[in-house]
Amino acid sequence: MSFKRLDPEDFLVSSDSIVNTLWSTDTPTLTTFFTSSIQVGSSAGTYYYSVYQTGSTLSNAAVQFDIAYADSKGSGSVLYNNAVPGVSPTKTIYGQYRSMILEDENSSFTFGKGTNIYTTTNFWVINFERARYKQSLFPGSLNLTLSGSGTRKINLTDDSVDNPVSQFLGSTRVYQLISGSNGTAGTLAASGYVAGSGSYGLVFPDLGTILLNPVAISQSIHTTPSRSNNSDGLNNQKLYNAISLGSSFTINSQETLTSDYVFVRARNSEFNYSENPSFISGSTGEIIYDQFINSPQVYLTTIGMYNDSNELIAVAKMSRPLLKDFTKEALVRVKLDF
């Protein structure tokens, strides 16, 4: 075993952005959607619906995203306690996203920007399964079709292509949800907004979350959430039906892989000897084979990374043993992903 201190120029850090399909079907577009009667009928179903890519068996079904409805007044769901008005699952969900995104319990959500801004006290939520979107949603890849009564449909996307400069809501990156495709507005409206109602929602790629503006959606496909007091308005079901009837949901994930490259150099005069006990006579301590004194030959198989305390912190295995002697030099590139 031999040691050599690495120099600063032996290190290189590289970052690569990897884009992949988000759905467990390994296809960019999900066209069929299923819920679990067990989950929907449980206490969790009053808060959110989990949406699966298949309805065959639980062993094959995997959660792709969750649907929820939020209302600052607590409308659209049953109260926790009839003696405490306005406190219900929908109000809890609203407070959760307000604290997480707005970071101010006195603020309200607004959809749109410029001269077309709409402030609302309720919204639908699409929350992607955390393991699905890796690090973030890939801007420009979102294409969601919602279908309502009759043949009414709306195609939605984020505005990342039309507005490539990142905007922030609180400390969270956000894009507007607009009518159009592949990150740009359609031809029907220059901005992809609804007149007087702002955008169709907000897209938070780093949170894997979409907030949908019920007023804008209602004007387009006539799907309106119930705001009844102390009763289940089945608002989760309404959004699920709109997505299911639309039969098209495209989104990709994105992650940045940072690699630390370490270049290990074995010069011709280095790492030519071995401490293998089979080379040495056990009785006399002499080298058994004389040719290993002036013309040693060894095989490099493993590279260990040590800190200044001589603690082993990483091990790199060679793909095959590498012959080393005084006539050869080796340059090995070690890649550490994190």
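Table for the structure above
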quantity	calculated
Given (1) under 17 Å from T157 (Cβ atoms); (2) hydroxyl-bearing (S, T, Y); (3) surrounded by fewer than 16 Cβ atoms within 10 Å (Cβ to Cβ), index of the condition T224 fails	(1)
Hits in region 104-138 (condition: within 14 Å of D206 (Cβ to Cβ), of a type outside the set (K, R) and modelled with pLDDT under 95)	Y133, Q135
Number of positions in region 140-174 that are in a strand (DSSP E or B), within 18 Å of the chain's Cα centre (by Cα) and closer than 21 Å to W23 by Cα	4
Enumeration of residues in region 97-139 that are among the aromatic types (F, W, Y), over 22 Å from S179 (Cα atoms) and under 17 Å from the mean Cα position of the chain (by Cα)	Y133
Filtered residue count, region 1-50, keeping only those that are in contact with a helix residue (DSSP H, G or I) (Cβ under 7 Å, 6 or more places away or on another chain) and not aromatic (F, W, Y)	5
Within region 133-192, considering residues that are more than 18 Å from L245 (Cβ to Cβ) and β-branched (V, I, T), the one surrounded by the fewest Cβ atoms within 10 Å (Cβ to Cβ)	V165
Contacts under 9 angstrom Cβ, first residue in region 283-297 being at pLDDT 75 or above, partner among the basic types (K, R), 6 or more apart	P296/K324; Q297/K324
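The values are calculated or read from the model by the stated rules, or taken from the named source; none is laboratory data. On a predicted model such as this, the values are computed, not experimentally measured, just so you know. Glycine also receives a Cβ, built like all others from the backbone with ideal geometry; neighbour counts cover every protein chain displayed.
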